[in-house]
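What follows draws every value from the coordinates through simple rules; no lab data is involved. If you're wondering where the values come from, they're calculated on a predicted model, not measured in any experiment. Every residue, glycine as well, gets a Cβ built from its backbone with ideal geometry; the counts of neighbours run over all protein chains shown.
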Amino acid sequence: MPRKNHYDPDPGIAGKVDPFSPLWLRLEAVTKRIGIKSLIRWADKIISVAGPVGPVFMSTIPTSAADGKCRMLSVLSANLWHDWPRFRNIENRLESFAKLVEQEGIDLILLQEISRTPAIKVDNLLAERLNMSYVYSRANGSANIGFEEGLGVFSRFRMKRFPDIRQVGRVINPFVRRLALGVEIETPCGSMLAVSVHLGLLRGHNTRQVTELHHWINRLAAGRSVVIGGDFNAPEKSRRIGKVRTFWQDAYREAPTRGRSYTHSINWPWGGHLMSHRIDYIFLQPGIPGWNVTEAYHLDAPGGPHSDHLAVVARLAPMKIQG
């Protein structure tokens, strides 16, 4: 008997898919089974995830601390590890991180993997908890799927103007972007740029991203000092980090260091240590006002691990009060 090759509109079997039907008839059957409204909603979610970076959220409260005395500047960079989709222990981890910031007397924070979900917006929570000005930009995900993550800069000083955002590297995967977020900070010693960075995992892409980041920051700096902090996903002994050191100062190697030299460890799936690397950095591009790195180290939050990365802390002394 010849095989039937048509779509049967009988309501009793509508929505069933005959694998031998023409493609358009199979699509019609799938559409009826799922529902056109559901398909539109899924399409909207996919488009929103693949969309460009942003939007940007910014708060300039406190309005200014630039009328204070020019003094040491304490900077912290940290990957907060959003841990999507489990978000394990996130509220406790954030509170531990906030206590770390207070314990270290931090003035400027450069953050990666800041998450936003219907339950918690980490940028808002930390800004209110620490009473800091801040700027945040989405990098990946979307509010339409109930999760996004991005970069942030938090400061005890006023942010002078709207931030600059750069998606670094070619778009290979429209659902994964690597980002740099920079903003001008008005410190008591003068205005400078603060940049938070999160680069890619693949070596070739990472190398191009480092080069593009360098050129972009040079254009923004216009002679000003720039502090760059972030997860570079490149080990200290890699060629690309060696290249970075030819134009930026590596805070951890500029000053006497203490504690662990790695910032991220990988374990075997069944337990046990596999490897550790330093992939999180604070770099300084010299400019005006001038800064010297006096101390740099890595540490975890006092109340327990705040992330799967250690935080990087650097103390910068203004050159005009050296000696």
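From the set of residues in the range 208-225 that are more than 17 Å from G290 (Cβ to Cβ) and of a type in the set (D, E, K, R), which is farthest from the chain's Cα centre (by Cα)? Across the range 208-225, the extreme among qualifying residues is R219. Close contacts from the range 253-269, counting a first residue that is within 17 Å of S307 (Cα to Cα) and a second that is of a type in the set (V, I, T), with Cβ to Cβ under 9 Å and a gap of 6+ residues or different chains, come to Y262/I279; T263/I279; T263/V312; H264/I279. Scanning the range 96-153 for residues that are buried (at least 20 other Cβ atoms within 10 Å of the Cβ) and among the β-branched types (V, I, T) returns V101, I106, I109, I114, V122, V135, V153. Does A78 meet the test of being surrounded by fewer than 14 Cβ atoms within 10 Å (Cβ to Cβ) and of a type in the set (A, V, I, L, M, F, W, C)? No, not satisfied. Within the range 253-308, the set of residues being in contact with a Lys or Arg (Cβ under 8 Å, 6 or more places away or on another chain), aromatic (F, W, Y) and not in a loop (DSSP other than H, G, I, E, B) comprises Y297 only. Six or more apart or on different chains, Cβ under 6 Å: which pairs go from a residue in the range 211-226 that's closer than 22 Å to C189 by Cβ to one that's assigned to a helix (DSSP H, G or I)? Could you list them? Going by the 6 Å Cβ cut-off, the qualifying pairs are V226/I217. Would you check if there is a residue in the range 112-125 being among the basic types (K, R), more than 22 Å from R208 (Cα to Cα) and under 17 Å from the mean Cα position of the chain (by Cα)? Yes, because at least one residue in the range 112-125 is among the basic types (K, R), more than 22 Å from R208 (Cα to Cα) and under 17 Å from the mean Cα position of the chain (by Cα). Looking across the range 286-298 at every residue that is surrounded by 18 or more Cβ atoms within 10 Å (Cβ to Cβ) and in contact with a Leu (Cβ under 8 Å, 6 or more places away or on another chain), the one that is nearest to L111 (Cα to Cα) is identified as H298.
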